[in-house]
Each structure stands twice: as C-alpha cells, then as structure tokens.
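Structure record follows, encoded as structure tokens.
Values in this text are rule-based calculations from the coordinates and carry no lab data. The structure presented is a predicted model; accordingly, all values stated were derived computationally and were not measured.
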There are 2 protein chains.
Amino acid sequence: MEQPRKRAKPGRNPAPAGRTSRPRQAEVARLAGVSQATVSLVLSARGDGKGPAISDETRQRVLDAARDLGYVPDPAARRLAAARNNLLGVFSFTATFPTDVQHSYYPFLVGVEQEAAARGYDLVLFTGSSSGGAGAAGPDALSRVRLADGCLFLGRHVPRAELKRLVADGYPVVHLGRREELEGLAWVGADYVSASREVVAHLAELGHRRIVLVREDDDAPASTDRQRGFLEGLAAAGVPQGPEAVLRCADPGREITPERVRALVAGGVTAFVAEETDTGAAWRALNTAVREAGLACPRDVSLGLLGSPPADLAGEPVPMGFDIPRHRLGAAAVRLLAALVAGEEADEPLVACEFRRGRTAAARL
Amino acid sequence: MEQPRKRAKPGRNPAPAGRTSRPRQAEVARLAGVSQATVSLVLSARGDGKGPAISDETRQRVLDAARDLGYVPDPAARRLAAARNNLLGVFSFTATFPTDVQHSYYPFLVGVEQEAAARGYDLVLFTGSSSGGAGAAGPDALSRVRLADGCLFLGRHVPRAELKRLVADGYPVVHLGRREELEGLAWVGADYVSASREVVAHLAELGHRRIVLVREDDDAPASTDRQRGFLEGLAAAGVPQGPEAVLRCADPGREITPERVRALVAGGVTAFVAEETDTGAAWRALNTAVREAGLACPRDVSLGLLGSPPADLAGEPVPMGFDIPRHRLGAAAVRLLAALVAGEEADEPLVACEFRRGRTAAARL
DNA sequence: AGTGCTCGTTAATGCGCATTAGTAATGCGC
DNA sequence: GCGCATTACTAATGCGCATTAACGAGCACT
C-alpha cells in the first residue's frame with residue numbers, strides 16, 4: 001500500500017492570534033462539552049421535530065454556552081452550507097436614504113422591516129448608488145446580493161441584464177413597482193388604476209361631468225396606470241371623453257397656464273386631477289394656474305391629486321385623492337419574497353391605495 | 001498499521017439534479033483545461049502583482065471560459081474564505097434619537113451609506129423593532145449585531161451592559177456621539193466646543209460684550225460641550241462672565257419670559273445664544289420671549305443658535321449659529337469602524353461644524 | 001444471551017472559494 | 001552537465017456551518 005507522502009499543510013493561515021474573534025460553533029461545543037455537530041443541531045433546530053432528537057439537558061447546556069459566548073452564526077457559512085441564512089437583501093440603485101426625506105423609501109422600509117422581523121429575517125442593505133462612483137459598478141455589482149436568501153429591488157434604474165440573470169438563476173427577487181417587461185420577475189405595486197378610477201368616481205358623484213387629467217410626459221407604469229384608471233373612471237361614470245381629456249405636458253409649469261385653465265373651465269370643465277410624480281410638477285402647476293386664473297378651489301373648480309402632495313405643500317388644503325400605502329407595500333413585498341425563498345408560488349396582488357377625501361373637491365354648482 | 005475503517009460518506013446530498021445551477025469555478029476550470037486554483041487566481045487577480053504568475057495565454061483561456069459560462073462568484077463562499085463578510089451593522093432605536101441627530105438621521109445615514117459603499121461594505125440594519133427577532137428583545141438582543149464585522153450605534157438608549165460586553169470582546173463598535181464613560185468605546189462626534197466658541201467669537205467681533213446662553217437642564221455631552229465652548233468663547237473675547245451668563249432651565253418655555261429678557265437687556269445684555277436640543281425648546285422659548293418683549297431681533301438684540309433650527313421654524317429668518325455636518329459624521333463613523341474592523345488603531349478626530357452667518361446677529365448699536 | 005429496536009451523539013463530509021506549499025518545466029551560469 | 005533560480009501551475013487545505021450515516025447505550029422481547 002502506498003503511504004501518501006506527508007505534506008505540509010497549505011491553505012489559510014490560522015486566525016490572527018491576537019484578537020479574539022467571534023465565537024464559532026466549535027467554541028460553543030467545547031464549552032458545552034459536546035460536538036460541533038450537536039451545537040449545530042440545537043441551534044438550527046427546525047420547528048418540525050424532524051432532525052435527530054437532542055435531550056433537553058444537552059440542549060440547555062448548548063443554549064447556555066451559546067448565550068454566554070454571545071455566539072451568532074456566520075451568515076456566509078450558513079448560506080454556503082445550507083443555502084439559506086435568513087437574510088433578505090434590499091438593493092437600491094439610488095441611495096436608499098436620499099437627502100430629501102420626502103422622496104425617501106423610508107416609509108416603505110418601515111413596512112419591509114416590520115414584516116421581515118416578524119418572519120425572522122434580518123435585512124441587508126446593498127447600496128449600488130455610490131459604489132461604482134462613475135456608475136460602472138462592474139457586472140458583478142448585483143451579484144453581491146446573492147449573499148442573502150433573496151432580494152428586494154427599489155428604483156427604476158436597476159440594470160435589466162443583471163436582474164434578468166438573477167431571475168434566470170432562480171434567485172428570489174422582488175421588484176418594487178410594477179415591472180412586467182421582465183419575464184418571471186416578481187413585483188409588488190400599488191393599484192393606481194383602481195385608485196385613480198375611484199377618484200374620478202368621486203368627482204362624478206359630486207356631479208362633475210367634464211374632468212381633465214394633467215400628467216407629465218413619462219411612460220413609467222406609475223403614470224400610465226393612473227391615466228388608465230382615469231379613463232376607466234370616466235367610462236364608468238358614463239362620460240367617456242377619450243384621450244382629449246388628458247393633458248400630457250413635458251413641462252407642466254409652462255404649459256398649464258391660467259389662460260388655458262380659464263379656457264377649459266369656460267368650455268365646461270369643472271374638475272381637474274393631476275398625477276403625483278417625484279417633483280410634484282403637475283400638481284404644483286395645476287394649483288398655481290387655478291389660483292392665478294382667479295378661481296377658488298373647491299368653489300369654482302374641484303381638484304384631485306392622484307397620490308400624496310409634496311411635503312412643501314403641507315400647509316395647503318389637503319387635496320382630494322389617494323395615499324399610497326407604502327407600509328403595506330413594503331410588507332407585501334417581504335411576504336412575496338419570503339414565499340419565493342421558501343419555494344412557494346405565492347402571488348401577491350396589487351396593494352390598494354387609500355382614498356383621501358380632502359378639501360379640494362365639492363359638488364358641482 | 002491500522003487501516004481506518006471504510007465508512008460511507010455522510011455530508012450533503014448532491015445538488016438537486018433538476019435545476020442547472022450556475023457554474024462554479026470548477027466548471028470554468030474544466031472548460032479551460034486548468035485547475036480550480038488557477039481559475040481563482042485569474043479571477044481574483046489582485047492589482048499588485050503579488051500572487052503566483054499566470055501566463056497570458058492561460059489567463060485568457062480562463063477568462064473566455066468564465067465569460068462563456070456566465071460565471072459569477074458566490075459571495076457567500078468568497079466571504080467565508082476571506083474570513084470577513086464585509087458587512088457593517090447599523091443599530092438604532094427607532095423611538096428616540098439623541099439631540100445631535102434629532103432632526104432626522106437621514107443625513108447621517110446618507111453619509112454612512114456612501115462611505116460604506118465606497119469601501120465595499122454592505123449594511124445590516126438593526127433597529128429596536130427588529131432586533132428582537134420574534135418580538136421581545138431579550139438581553140442578548142445586541143448579540144445579533146455580531147453577524148456583521150462591526151457595528152455602528154445610534155442613540156443613547158443602547159444598553160450599557162450589552163455595549164460593554166461587545167467592546168470587551170473586542171468586537172468593533174463605534175458610537176455616534178461623544179461617549180467617554182465607557183472605557184474603550186470608539187465614537188465620533190461633532191465638535192460642539194469649537195463651534196460654540198466660534199459663535200461667541202462672532203458675536204464678540206460684532207461688538208457684543210454681554211452674552212447669555214440659554215440651555216436646558218440636561219447633562220448630555222451635547223449640552224455640556226456647548227456650554228464649555230460658550231464659556232471659552234467669552235474668555236477668549238476677554239469678557240469672562242462666569243456661570244452667571246448661563247441660564248439653565250428645566251422648562252425654558254416657562255422660565256424664559258419676556259420680562260426676564262427685558263430685564264437682562266436693560267441690564268446690558270445685547271446677545272443671546274440658545275442650545276439646540278431635540279425639542280428646540282430653548283431656541284423656541286428665546287425667540288418667543290424676545291418677540292413678546294417687543295424687541296426686534298437683529299436690531300435690538302442679536303441671537304445665536306448652537307445648532308440647526310427645528311424644521312417647523314423653516315420659515316423664520318435663518319439664525320446665526322452652526323450646522324452639524326451629519327453627512328460627514330456618518331462618513332467618519334464608517335471610516336473609524338472600518339479601521340477597527342481592519343485591526344488598525346485609527347483615531348477619528350471630532351468633526352468640525354460649519355459656521356452659519358444667518359440673519360439674527362448684527363453689530364451692536 | 002441474543003436480537004431488534006429507539007434514542008442521543010458524533011465523525012465525516014462538502015458547500016465554493018482563496019490561499020499557499022509544493023512540483024514540474026525551463027532558463028542560466030560556470 | 002550540474003546546481004540553482006525563475007516561471008507556471010496544481011494539490012491540498014480550511015473558512016464555519018448543516019447534514020447524515022454510523023455508532024453506542026439502553027431497553028424490551030424472544
């Protein structure tokens with residue numbers, strides 16, 4: 001029998017002797033007087049008593065030892081060995097905490113966080129924004145997220161190719177906001193269509209027949225959905241007016257002039273709705289034009305906002321419209337992601353927006 | 001020689017046959033006709049040509065193979081092998097934030113996020129709500145942060161004992177805000193002393209000689225530092241007035257009355273400064289009292305604010321004072337933490353505040 | 001006493017990669 | 001033609017954990 005030649009041991013150097021590193025399962029095992037395997041069995045005990053049984057006494061010794069040492073499993077090792085580590089990623093290409101608080105994803109993150117915590121997941125924030133500096137963050141920028149069991153994506157600047165790759169690899173991904181162009185991409189979104197329809201319905205109930213939508217020149221789903229809901233609402237109210245009821249402006253501030261508003265009103269229009277965007281330009285322009293046209297808001301014309309007003313208009317009367325349930329959106333996203341991670345075929349429906357009565361809509365004179 | 005008994009091979013099952021998983025280095029190696037080690041060497045080539053040399057031809061073959069297969073490294077394995085997971089924790093309690101970050105901790109987090117991203121770290125968010133996992137935050141709640149390579153702590157409600165434990169274990173921890181009571185705790189903070197001194201110096205330059213500080217009844221470092229800077233500023237201006245120049249109020253709203261202000265002004269006081277706190281009570285009270293005393297702000301008395309004004313006073317004239325560079329504070333905290341994680345002995349100095357000229361201070365009449 | 005069980009625990013293994021000792025091949029000098 | 005250095009690559013190892021076959025002890029029943 002050939003005796004294998006004794007070789008020195010290559011591989012990593014031992015850990016730096018000086019610093020006491022985080023405790024490993026091996027240390028817990030030593031302290032508890034059991035094997036590393038036992039520690040793993042105890043600490044990763046699955047709810048369903050499937051695995052090998054462990055006596056209560058041993059279990060307690062292990063738990064005590066783990067607590068005493070402050071043991072925390074290494075997510076990387078966990079992920080490598082078990083293909084999961086109870087970590088959910090949140091990836092955003094724009095900074096997750098933008099300087100402008102109002103546009104931040106924070107309300108959304110609150111929902112995400114709550115739901116994730118409730119399900120025993122921790123959150124890892126992957127930031128794509130500044131990592132590359134000049135943007136060229138390399139093709140593997142997104143692959144960092146694979147450290148987590150699944151990942152939530154925020155923002156519309158998520159590179160298609162990378163996302164597609166993740167999806168194709170079967171990696172659990174959920175996109176915030178409707179995004180159907182990518183086959184197999186799971187997403188959660190607010191139901192702008194229904195909410196917008198509801199706003200129109202409300203105006204119709206108040207007796208309005210001629211209603212105009214002011215929107216920006218953008219083809220994002222958030223915009224087109226609102227328009228669709230608006231038109232559906234008109235149809236439902238029995239006043240289908242076709243696309244001429246929509247004012248699509250590249251620059252609402254310039255195009256929505258007092259004169260134009262006055263002309264429309266003179267032509268029989270009694271209500272306007274504006275879409276919400278990051279800048280709030282449409283709503284802002286509409287408001288200004290109406291005021292400068294010398295029209296009083298709930299009295300002469302009714303106004304609606306398909307979304308929430310910009311923060312700096314907090315002082316103004318609350319506009320009739322709807323609020324986006326960012327909390328619930330976040331929670332829904334996590335639920336969906338958790339289902340994907342678990343291999344289930346969950347299907348999270350659109351999240352409904354909340355109608356807001358406000359003070360800018362009144363019965364038609 | 002004892003022949004070790006032949007045993008069956010335990011361990012993981014082979015990967016589920018169905019799904020074609022993404023390629024590993026081994027597959028790339030096979031395709032390129034080299035060993036896995038070579039693939040690793042090629043793909044993780046460090047800039048400094050330290051490692052073993054690889055011929056250009058081999059390198060190219062490997063790169064081609066990797067590209068053909070669409071190879072993407074597994075971050076979990078990468079981090080496991082590298083013995084660090086490039087994760088930084090951010091621990092905060094949602095409920096309350098210390099005075100230094102009260103307005104919003106976004107600016108701080110922005111800095112954290114950017115700096116972390118720039119250094120290749122990802123962030124793990126721990127908050128009061130999620131830290132308990134299944135809800136109740138047990139005594140070992142803080143233990144969870146060990147998941148990360150190091151952790152940033154915000155707020156003063158971090159349990160001392162737990163923090164101490166982490167520090168004692170050599171776990172890299174950085175606290176936001178001066179915190180010297182805990183031996184060995186690294187922290188970053190704004191230099192309130194210098195900034196407050198500068199505010200006083202500015203007033204002195206304008207000719208003010210009798211200046212009064214309005215502060216709340218709190219012994220937080222943020223408060224005492226401001227007072228110290230204030231007194232140092234007086235001394236530097238050659239008008240040391242001792243502690244009687246400080247109005248320490250448990251309830252500024254009640255104690256800083258118009259009468260009192262009028263009396264002080266009658267007694268020769270020409271300028272007031274207030275500390276910034278989470279509530280902004282001192283500044284608010286001072287402002288109100290001055291107005292109700294019938295004094296015009298820059299004309300009759302000059303005012304200074306040792307910090308930034310509360311958000312709801314955004315409409316008022318910008319107060320003379322200083323701004324806390326929250327953004328840079330966040331970045332500094334990450335730099336410090338990264339140094340600790342790397343085992344370096346970095347020492348992040350206090351971060352300077354920015355003087356703000358404002359419109360509430362004028363030359364003494 | 002032997003057989004067949006269940007229960008509790010452990011040894012051994014691999015996840016995918018980085019690292020490094022070792023080896024084979026080649027060049028170089030004398 | 002023999003060291004010796006250099007170059008190019010590979011084998012072996014371990015990171016920390018989960019998994020599972022195997023093992024030993026205890027027990028009941030032939």
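Brief remarks on what is shown
- When region B:323-365 is reduced to its Cα atoms, the Kirkwood hydrodynamic radius in Å: 12.7 Å
- HN-Hα J in Hz across region B:218-225 - Karplus 6.51, -1.76, 1.60, θ = phi - 60°, x for Gly and Pro: 8, 9, 5, x, 4, 7, 5, 4
- The H on the amide N of A:Cys249, modeled in the peptide plane, is under 5 Å from the matching H of A:Arg215, A:Glu216, A:Asp217, each at least 5 residues off or on a different chain.
- Phi-based couplings in Hz for region A:348-353 (Karplus 6.51, -1.76, 1.60; Gly and Pro marked x): 7, x, 4, 8, 6, 8
- Region B:116-122 - phi-based ³J(HN,Hα) in whole Hz, Karplus 6.51/-1.76/1.60, Gly and Pro as x: 5, 4, 4, 9, x, 9, 9
- Annotation for region A:335-365 versus region A:224-277: alpha-carbon center distance of 24 Å.
- Semi-axis lengths, largest first, of the ellipsoid equivalent to region A:192-323 are 19, 17, 14 Å, with √(5λ) applied to each eigenvalue of the Cα gyration tensor.
- Residues whose amide H comes within less than 5 Å of that of B:Val212, counting only those at least five positions distant or on another chain, are B:Ala271, B:Phe272, B:Val273 (H built at 1.01 Å from N in the peptide plane).
- Close amide-amide hydrogen proximity is noted between A:Ala186 and A:Val173, A:His175, each under 5 Å apart and 5 or more residues distant or on a separate chain (H modeled in the peptide plane; Pro and chain starts excluded).
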